[in-house]
Amino acid sequence: MSTREEKERLELLQGTLDLLILRTLILGPQHGQGIARAIQQTSEDELLVEHGALYPALERLEDRGWIAAEWGTSANNRRARFYTLTRAGRKQLVAETDKWRRLAAAIGRVLGPETEG
Amino acid sequence: MAWKRRSTSDFNAEIAAHVQLEMDRLREQGMSEEDARAAALRAFGNRTAAEERFYETNPALWGERLWQNIRFGMRMMGRSPVTTAAAVLTLALGIGANTAIFSLLNAVILRDLPVRNPKELVLFGPGHWRGSVDSVPNRSWQLFSYHFFQEFRRKNQVYADVAAIDSILMTPHGRVGGAARMETVGAELVSGSFFETLGVKPVLGRVLNEHDDVTPGGHPVAVASYAWWQQRLGGNPSALGTTVTIGSTTYTIIGVSAAGFSGVTVAQSPDVWIPLAMEKEVSPGWNGLEKDWFQSLYVIARRKPGVGMGTASADTNLLFQQIMHEYAGPSATAQQLENLRHARIDLTSAATGLSQIRRFTSPLLILMSVVAVLLIIACANLANLLLARAAARQREMAIRMSIGAGRARLIRQLLVESALLGIAGGSLGILLASAASRLLVGLVPTGSQPLPLDVAPDATVLAFTLGVTLVTVLLFGTAPALHATHLDPVTALKDGRAASGLASHNRLARGLVVAQVALSMVLLAGAGLFLRSLMKLLDVPTGFDRENVLLMGVDFPGAGYGDDARTERLMRRVEDRVGSIAGVKGAAFAFVVFDGGGWTDSVTVPGRPVSENDPEVFHNIVGAQYLGVLKMPVLLGRALTAGDDGASKVAVINETMARLYFPGVSPLGRIFSVGKSAEWQNVQVVGVVKDAKYMELREKPTPAAFYPHAQHAGFLYNFLVSYTGEAGTVVPRIRRAFAEFDPNLPVSDAKTLNDVVSESVLHQKLVAQLCTLFALLAAFLAAIGIYGVMSYATARRTNEFGVRMALGAEAGDVLWMVLREVLGLVAMGIAAGVPLAAGASRLVESLLFGIAPFDPPAIGAAAVAMTAVALFAGYLPARRATKIEPMAALRYE
């Protein structure tokens, strides 16, 4: 049993998950389940997001003022809490995306050209 | 960060909505309702963990969760009320004892005087001496003359102001507001600059200023203390102008000092302050305003802002040497000049005032350590209790962890529960402490009045208690919390009794018990040391009869008598009259009595060279029957008699003085002189008396001389009466005899010399008694610890004992098995405790009398006592083990 391991995974995901949420919300307001689905679909099921892990991230982002939340009605007429990207969130997304790209490129250069296995 | 009011229910609603939406999606893909729900929940993952994390990110909910923890904790405590009550009481005892002793320490040595910027105040010397000094000490000075004070104040550069205070609080009898009744008035003689130096303002009228302290005998004014104004004058604003008559002088109250201010001496609360210029009027015979070498004053000064201790000290000593060389003048002896070279003033901070009861400082520090150890022992008990409870709650913990509660969350929950215990114990402890500290202050006899020492908990005390409680909670709560949450839920769920944490639980619990025994050993051995030291002290032969002698105080100047031959003749008549009362064997006045200070001075014998090593001689002026009253046997020559009233001075000396000053010859008929004054030259020795203790029980054999008061005019305060029968019938007769001479003569309550002697070892007695009390408490707590651990251990071995007994083991075998375990624990505790006790006792060496710090009887007694207590504590669970029904025990598994 290992609460500790779980926590480490969360920490590993933290920055990335925030970025993914912000990126998803740029397409328009979305509720938690929708965000989870969207991340899974756009990553072609490469990224498996534990839906539960999403909510602490959403809380955090809301805290920082990057997203705003409001109860509304979903497409199939269910009540759900919808998240919207704020102006600050948009800025953050740009900054984070840029940082992430540079990081990915740097790591790519370090790792060298892809080789067939 | 924004304050979020988002509630848990809102968050839960969102999660429910999420699961619903996911289900909707999956059902669209053709799943059945049930499969969809299962899949949605699976995709969501650990819901509890999500909630946990939600809490982590949301500070607004901390309060809510804390409240939840508290409610839960309260429920858990309510479920086992006896355990909880025991825990809270144990804590209250530990914290209460610590707070009580700390309140005393705080009041005696820590608290600042209620004056302006107390940190700027300095005292010249450490302020230990009281009385007067007329020599030139060759070391750090503590007492100063009025002349010196005035000159120093005029010439000094580094102090904003300087004040002088008589080192003795005068307690003459007087009449307040013209009343007929005489009452004791605590009068502190101070310089006119006293209030200005301290920065103490009046609440009514005015305080003394330097114009009130100019002409000797010319300033019959007094400032009332706030407390006295409240108690004696009813807090009435019209009290200004009230008169206080002391002797033949009538003083007018010109003001009342600020509330809370009771002078600069801790635990001493003067009723009035009177200018030093009135010294002779307040206390005839105690007057040295005009003498350069009548040194009886404390000097206190306020440093100018920015003047450090170093600068102040350098300037003070420079000026001191300059003034003293002036006084010594050209006629100074070589010895005086030599002494002066070593004379100095050590500045002491006066921020916390000065105190005659500072002699209680080291006892208080010892008691503080004792109660700290007691608290640690109490903590060990609580830790054990919580460990046992944690074992009982293993299933709960395992379930909560397996449904996703984080370990941190559980630890927090357990710590909140400990903190609740701590807060309950701490609050109860403060209540206990305020009662206990008042009780402790009450144990110090000060005559009819309680010791004026404010031990009510103030901010410092409360902060101390809070700190102690926090430390306590961490001490007893952390280990069990870490321990309880460190488990494997699967095993723990399968069977609470077989879970893996048990072995380590046992080790921890036993370790705690061993530590308790070791620490209790230290306290018991310490208590033994103090008790044995006290017994040795009380066994010291005093050399005088303390059983059948009464002591009374007679205040001649209070009734207007002068320090003259007329008063002395009255004293002789009183002695004769009281001596003739039925039941009285003899009566004598005395200048000093046991534990009442003393007058020591050097002595010169013609033809005998003065040596630096000559000890000073103790002098006493006494009535003719004094030696008989105290049953001090005359060894040579004769005792003093009523006939010793002529012009040629006589004395009876003791063995030690005879040996030191008249070695190898009979001292009878020989001559000696005391100091320089004409009155004390050429005193003839008429007898030698056996040695006795004169000032305290611990003193070494001291040379002493006794002089008849018929040859030394003046009044004496102490009146000794030896009697037969009941003191209760004799005392009224003595009082009536005094009233025959003068109904206005104030005579104090009588006490026996036995009381006087036992009061003289009061602080040794208090330390011994309190240490014993705390050590017994400690042993009791350790016993509870042993009982708890052994009960738990035998309960867990029910099965094993059942098997053993089924196989033929006798009850005695089982009993012995358990007790052997107890003995093992105690042996380890004692083994660890003995070196600890030996080390600790070295720290209290200076307070011991007649025994070495490593005292085998004390340590042996402690070990025996501890073993007995432990066996008793272990016997109860052991007996329970012998009562096990083998069949029931086997089925139990």
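Numbers at a glance
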| read-out | value |
| --- | --- |
| Residues within the stretch A:19-38 that are free of Cβ contacts under 8 Å to residues at least 40 places away in the same chain and within 13 Å of A:THR97 (Cβ to Cβ), tallied | 2 |
| Only one of B:ILE254, B:ILE274 that is in contact with a Leu (Cβ under 8 Å, 6 or more places away or on another chain), surrounded by fewer than 23 Cβ atoms within 10 Å (Cβ to Cβ) and within 27 Å of B:GLY560 (Cα to Cα) | B:ILE254 |
| Filter result (more than 17 Å from B:ARG344 (Cα to Cα) and within 29 Å of the chain's Cα centre (by Cα)) within the stretch B:126-162 | B:ARG130, B:GLY131, B:SER132 |
| Of all residues in the stretch B:836-893 being farther than 18 Å from B:LYS536 by Cβ and not in a helix (DSSP H, G or I), the one that is modelled with the highest pLDDT | B:LYS883 |
| In the stretch B:589-611, residue farthest from B:TYR661 (Cα to Cα) [restricted to those that are in contact with a helix residue (DSSP H, G or I) (Cβ under 7 Å, 6 or more places away or on another chain) and part of a strand (DSSP E or B)] | B:PHE589 |
| Filter result for B:VAL592 (in contact with an Asp or Glu (Cβ under 7 Å, 6 or more places away or on another chain) and touching a residue at least 24 places away in the same chain (Cβ under 8 Å)) | no |
| B:THR604 vs. criteria β-branched (Val, Ile, Thr) and within 17 Å of B:VAL650 (Cα to Cα) | yes |
| Contacts under 8 angstrom Cβ, first residue in the stretch B:1-22 being on the phi < 0 side of the Ramachandran plot, partner modelled with pLDDT of 80 or more and part of a loop (DSSP other than H, G, I, E, B), 6 or more apart | B:ALA2/A:GLY65; B:ALA17/A:ARG78; B:GLN20/A:ARG78; B:LEU21/A:SER74; B:LEU21/A:ASN76; B:LEU21/A:ARG78 |
| Matching residues, the stretch B:548-577, being part of a helix (DSSP H, G or I), among the hydrophobic types (A, V, I, L, M, F, W, C) and out of contact with any Pro (no Cβ under 9 Å at 6 or more places or on another chain) | B:ALA565, B:LEU570, B:MET571, B:VAL574 |
| Hits in the stretch B:524-549 (condition: closer than 30 Å to B:GLN711 by Cβ and over 29 Å from the mean Cα position of the chain (by Cα)) | B:GLY543, B:PHE544, B:ASP545, B:ASN548, B:VAL549 |
| Matching residues, the stretch A:21-59, being at pLDDT 85 or above, more than 13 Å from chain B (Cβ to nearest Cβ) and under 12 Å from the mean Cα position of the chain (by Cα) | A:ILE21, A:LEU22, A:ARG23, A:THR24, A:LEU25, A:ILE26 |
| Which numbered condition A:GLU62 misses (of (1) at pLDDT below 85; (2) crowded, with 16+ Cβ neighbours inside 10 Å; (3) facing another protein chain (nearest Cβ under 9 Å)) | (1) |
| Residue in the stretch B:135-147 that is surrounded by fewer than 22 Cβ atoms within 10 Å (Cβ to Cβ) and either modelled with pLDDT of 90 or more or over 30 Å from B:ASP346 (Cα atoms) (or both) present | yes |
| Test result for B:ALA590, surrounded by 18 or more Cβ atoms within 10 Å (Cβ to Cβ) and over 35 Å from the mean Cα position of the chain (by Cα) | no |
| Enumeration of residues in the stretch A:65-84 that are more than 12 Å from chain B (Cβ to nearest Cβ) and in contact with a strand residue (DSSP E or B) (Cβ under 6 Å, 6 or more places away or on another chain) | A:ILE67, A:THR84 |
| Which listed residue is touching a helix residue (DSSP H, G or I) at 6+ places or on another chain (Cβ under 7 Å) and more than 21 Å from B:ALA590 (Cβ to Cβ), from B:SER666, B:SER673, B:SER648 | B:SER673 |
| Residues that are surrounded by fewer than 18 Cβ atoms within 10 Å (Cβ to Cβ), assigned to a loop (DSSP other than H, G, I, E, B) and touching a helix residue (DSSP H, G or I) at 6+ places or on another chain (Cβ under 8 Å), drawn from the stretch B:715-752 | B:ASP742, B:ASN744 |
| Identity of the residue in the stretch B:13-47, small (Gly, Ala, Ser) and more than 10 Å from chain A (Cβ to nearest Cβ), that ends up surrounded by the fewest Cβ atoms within 10 Å (Cβ to Cβ) | B:GLY30 |
| Test result for A:GLY89, in contact with a helix residue (DSSP H, G or I) (Cβ under 7 Å, 6 or more places away or on another chain), on the phi > 0 side of the Ramachandran plot and either modelled with pLDDT under 80 or of a type in the set (Gly, Ala, Ser) (or both) | no |
| Subset of the stretch B:640-655 [buried (at least 19 other Cβ atoms within 10 Å of the Cβ) and of a type outside the set (D, E, K, R)] | B:LEU640, B:VAL650, B:ALA651, B:VAL652, B:ILE653, B:ASN654 |
| Some residue of the stretch B:575-582 being without any contact (Cβ under 8 Å) to a residue 12 or more places away in the chain and closer than 30 Å to B:MET866 by Cα | no |
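Let's see how each residue does on (1) among the small types (Gly, Ala, Ser); (2) loosely packed, with under 14 Cβ neighbours inside 10 Å:
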position	(1), (2)
B:ALA806	yes, no
B:GLY824	yes, yes
B:THR867	no, no
B:TYR875	no, no
B:ARG880	no, no
B:LYS883	no, yes
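Per-residue answers, yes or no, for (1) modelled with pLDDT of 80 or more; (2) surrounded by 13 or more Cβ atoms within 10 Å (Cβ to Cβ):
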residue: B:GLY442; (1), (2): no, no
residue: B:THR460; (1), (2): yes, yes
residue: B:LEU470; (1), (2): yes, yes
residue: B:LEU474; (1), (2): yes, yes
residue: B:ALA484; (1), (2): no, yes
residue: B:LEU487; (1), (2): no, yes
residue: B:THR491; (1), (2): no, yes
residue: B:LEU502; (1), (2): no, yes
residue: B:HIS505; (1), (2): no, yes
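Residue-by-condition table, conditions (1) at pLDDT below 90; (2) hydrophobic (A, V, I, L, M, F, W, C):
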{"residue": "B:SER673", "(1), (2)": "no, no"}
{"residue": "B:LYS676", "(1), (2)": "yes, no"}
{"residue": "B:VAL685", "(1), (2)": "no, yes"}
{"residue": "B:THR729", "(1), (2)": "no, no"}
{"residue": "B:ASP742", "(1), (2)": "no, no"}
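The values are calculated or read from the model by the stated rules, or taken from the named source; none is laboratory data. Quick caveat, the model's predicted, so the values are computed rather than measured. Glycine also receives a Cβ, built like all others from the backbone with ideal geometry; neighbour counts cover every protein chain displayed.
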